[in-house]
Amino acid sequence: MTTCIFCNIIEGKIPSIKLYEDENVYAFMDIMPLTKGHVLLVPKKHIENIYDFSAQDASKLFSIAPRIANALKETFQPVGMNLLQNNGAPAGQSVFHFHLHFIPRFDENDGFNLSTWQTHEKDFSTEQLQVLADKIKIAL
Ligand code: AMP
Ligand code: ZN
């Protein structure tokens, strides 16, 4: 048995509350929801993070995302929705099988707190942003 909890869920070896499944992806309820309707969408292949995705596998997963989001919107009428995806432990990844979080939002105190999100525009001038962009473009 693989040690990956999401592979085990996909293979039915660990129970989950399934929402959707096709050849490529699996969607289920997050067991520790941040808000009502917190859902995870995962590739069936064991892909650890965004860096390991092929364009083809990524498009198969992301092509389902609007359907999941619209089902949540229709069901719960949230006033907003955050899609979140963590890569690496310092970024908050705790399960190392790619997963896209769908977090419906109901108000600012609905359990998902982004109030510590601070911007740092004072640290980056337009010229500095251009230098950063030029470096990134080399790698693209
Ligand atoms: P992350 O911190 O981005 O890696 O998110 C991992 C998510 O997986 C968390 O929101 C957990 O609540 C969720 N999770 C962990 N184990 C299970 C499970 N057995 N069934 C459903 N969700 C799970
Ligand atoms: Zn896995």
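A few points about this structure:
- For region 40-140, the set of chymotrypsin sites (Phe, Trp or Tyr not before Pro) satisfying both a DSSP loop assignment and a count of at most 10 other C-beta atoms within 10 Å is given as Trp117.
- Scanning the chain for GluC sites (Glu not before Pro) in DSSP loops with at most 13 neighbouring Cβ atoms within 10 Å leaves 24-107 as the longest stretch between them.
- For the pair region 68-115 / region 38-56, the C-alpha centres are spaced 16 Å from each other.
- Size of the chain as Cα extents on the principal axes (Å, biggest first): 52, 36, 25
- Charge dipole of the chain (Cα centre as origin; +1 on each Lys and Arg Cβ, -1 on each Asp and Glu Cβ, all else neutral): 240 debye, rounded to the nearest 20.
- Per residue, region 1-114 exposes 58 Å² of solvent-accessible protein surface, assessed with a 1.4 angstrom probe and all protein chains in place.
- Overall size of region 87-140 from C-alpha positions, given as principal axis extents largest first: 38, 29, 18 Å.
- Computed from backbone phi, the HN-Hα couplings of region 17-26 come to 9, 7, 10, 7, 8, 9, 4, 10, 9, 9 Hz, rounded to whole numbers (Karplus: 6.51 cos²θ - 1.76 cosθ + 1.60, θ = phi - 60°; Gly and Pro given as x).
The values are calculated or read from the model by the stated rules, or taken from the named source; none is laboratory data. Just so it is clear, the structure is predicted and the values come from calculations on it, not from any experiment. Ideal geometry is used to build each Cβ from the backbone, glycine not excepted, and the neighbour counts take in all protein chains shown. Just so you know, the surface numbers come from the protein's heavy atoms only, side chains and all, with ligands and any DNA or RNA stripped out. Shrake-Rupley method; radii C 1.70, N 1.55, O 1.52, S 1.80 Å.
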